[in-house]
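Step one of this worksheet: look at the structure below.
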Amino acid sequence: MSFGIKLRVWGDYALFTRLEMKVERVSYDVMTPSAARGILEAIYWKPAIRWVIDRIHVMKPVRFENIRRNEVSKKTSVTKVDMSGNSPVCIYADDTESKIRQPRSSMVLRDVEYIIEAHFELTGADVADPGKHLAIFERRVKDGQCFHRPYFGCREFPVNFEWCDELPAPAFSALRRFIWKTAYLG
């Protein structure tokens, strides 16, 4: 029995940030394997399996669009002092004096569609039948269920998904190279 899946994903925008860009966000031409793995884990995640991406098929031509977004420059931190009631636990982004909200330019992908081919491997945490995980994943996809809403790189770019039985002909195959995976050693 094969434990591979094909999942069609699409959306209006996508932003897979290039590592070499620091301030302004510029997207890769194609979805990264780690983003594809994140989409699969958003639909079905269990410690007993590990998703492995086999192929990412690009179904629509690569189109870029430049947009401006407001980003918040700091994170909310909840500490013991914050919980004592003396200070607010939220960030007021409308505060004009503190410059918390910053406009940033982003080069994003527009009108994207991919087919993700992947399989899973058992991690040894569960000795159950692997076909069970495949059946659960297929049922969740067909019912539109997910643990949290999957997204294309940023949470404001949600993913639509559906089960894919047949692989249609790809739009094209000539794409630039990108970083497959990074490992931080230290």
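Laboratory data are not the source of any read-out in this text; all were calculated from the coordinates shown. Please read all numbers here as calculations on a predicted model, not as lab measurements. Ideal geometry is used to build each Cβ from the backbone, glycine not excepted, and the neighbour counts take in all protein chains shown.
In a fully extended conformation the segment linking GLU117 and ARG149 would gain 9.5 nm over its present Cα-Cα distance, using 0.36 nm per residue. For the pair PHE3 and ARG69, label points projected 7 Å from Cα toward Cβ lie 3.4 nm apart. When each of ILE67, ILE116, ILE53 is scored by the number of other beta-carbon atoms lying within 10 Å, the sequence from fewest to most is ILE67, ILE53, ILE116.
The distance between label points at LYS60 and GLU24 comes to 2.4 nm (points 7 Å beyond Cα on the Cα→Cβ vector).
Counting Lys and Arg as +1 and Asp and Glu as -1 over every other residue whose Cβ lies under 12 Å from the Cβ of TRP45, the net charge comes to +3.
Counting only other residues whose beta carbon sits under 9 Å from that of ALA118, what net charge do I get with K and R as +1, D and E as -1? Net local charge, ALA118 excluded: +1.
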